[in-house]
Each structure stands twice: as C-alpha cells, then as structure tokens.
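In what follows, a structure is listed as structure tokens, so that the remarks can point back to it.
The values are calculated or read from the model by the stated rules, or taken from the named source; none is laboratory data. As the structure is a prediction and not an experimental result, all values here were calculated from the model. So basically every Cβ, Gly included, is an ideal-geometry build from the backbone, and we count neighbours across all protein chains shown. Calculation scope for accessible area: heavy atoms of the full protein, side chains included, ligands and nucleic acids excluded. Shrake-Rupley method; radii C 1.70, N 1.55, O 1.52, S 1.80 Å.
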Amino acid sequence: MGQQEPPMTRFPVPDTDELPEDIQQRMASERERAGFLPNVFPAFAYRPRQFRAFFAFYDALVEGSSLAREELEMVVVVTSGANDCLYCVVAHGALLRIYADDPRLAEQLATNYRTANIGDTHRAMCEFALQVTERPAEVTDEDIERLRDHGFSGEEVWDIASTAALFNLSNRMAHVADMRPNEEFYGMGREG
C-alpha cells in the first residue's frame, strides 16, 4: 500500500478528540465496522452540524429505500463519475464492487454507464441519475413514467433522485475540500 493521504487538503482536519461526543461515536462505529475510518468522516466533521445533517440524510437513503444497496451505489458511482469526483468514485466504487459482487462494474459505470454490463432497467436508472445531475430542470413526467415502466415504484424513483442529489452535493464538497480517497478503498472488492 502507498502512503495514506490526508482526508482533505484545503481545510483543517479536526482533531477527533475535540469533536462533539456524538460525532466521535459515529466515527468510532464506522472505523470498527469498516476496519478504517473513511476520509469523508473527518473531512465533513470540519462543520459538525453539517456532518450530522449529511449523514442523517445518507442513513435515511441507505436504510429506508427498497432499492437494493447495489442499485444505490450504482447511482452514486454514475453521478460521481459525471462530476469527476475521485473520492466518491473510488469509495463508492469499492462499495459497488462488494454489493454487486462484480470487480469491473464500478469502472464501467463511472466512465460510461451506456456500455456497462447492466440490463435495460439499470440503464434507465443510471440515465435518470445522470439527468438529475446534468439537466435537472429538464426532468419531465415522461422521465418518471419511463422508470415506472421499468418497475420502479414512485418511492424508488424519489430515492434515485435523492441519491443523485445528495451525491451532487457530496461531489462538490469533495472537490472544494480536495477530499482524498483512503488507500484501503482501491483494493476492496477486487479479485485475488
């Protein structure tokens, strides 16, 4: 493994011991669960109230959606690829490789979902996520109906849009902060 990069370079990374107790606990829980602390946690802890709001929204999406976790990660990777967000492509690409049990899918989706090894239903989902990312004002009733025709419920369409919207925020903050992916993410979910 290479040298671990700092969580972000443009703003000070807070000292964990000086953070509010609830944020320290969330970070300790994440470190225990993942085996390392993803850099998004100490980076977003720079602004504790925003940390809480961001992760509350993220938790609501992940825990409250009837979409499969791999589908949510597909939306994140397509959105983050369109936004050239290294942190989220690498971090959520790792999660996608694990949840989809596919070591190649993340790179396919991040670079060009149209040629990725996915079916028409997931292609429609990715197209919609990209539209929410690049042309949100152009979303029409027909776009929503197209997803329904592919079997997505109204709540699932909402969750696809919400996931893309949240990660458009996350991608932009990752760029502004120069958030760096953890070294551990690069090898997760790969063969061998």
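Candidates G81, L105, Q131 compared by Cα position along the dipole of the chain: farthest toward the positive end lies G81, with charges placed on Cβ. The ratio of the alpha-carbon radius of gyration of region 80-123 to the globular-protein estimate 2.2 N^0.38 Å is 1.07.
Dividing the Cα radius of gyration of the chain by its Kirkwood radius returns 0.97 for Rg/Rh.
Across region 113-192, the relative contact order, built from alpha-carbon pairs under 8 Å that are at least six residues apart, equals 28 percent. The stretch between F36 and N112, if pulled fully straight at 0.36 nm per residue, gains 24.4 nm over its current Cα-Cα span. Over region 25-117, Cα pairs under 8 Å with separation of 6+ residues give a relative contact order of 18 percent. Give me the percent of accessible area attributable to carbon and sulfur for the chain, probe 1.4 angstrom. Carbon plus sulfur share of accessible area: 49 percent. The residues of region 1-158 have, on average, 54 Å² of accessible surface per residue, using a 1.4 Å probe with all protein chains present. Applied to region 104-114, the Karplus parametrisation 6.51 cos²θ - 1.76 cosθ + 1.60 on θ = phi - 60° returns per-residue 3J(HN,Hα) values of 10, 4, 4, 5, 4, 5, 5, 9, 6, 4, 5 Hz, with x for Gly and Pro.
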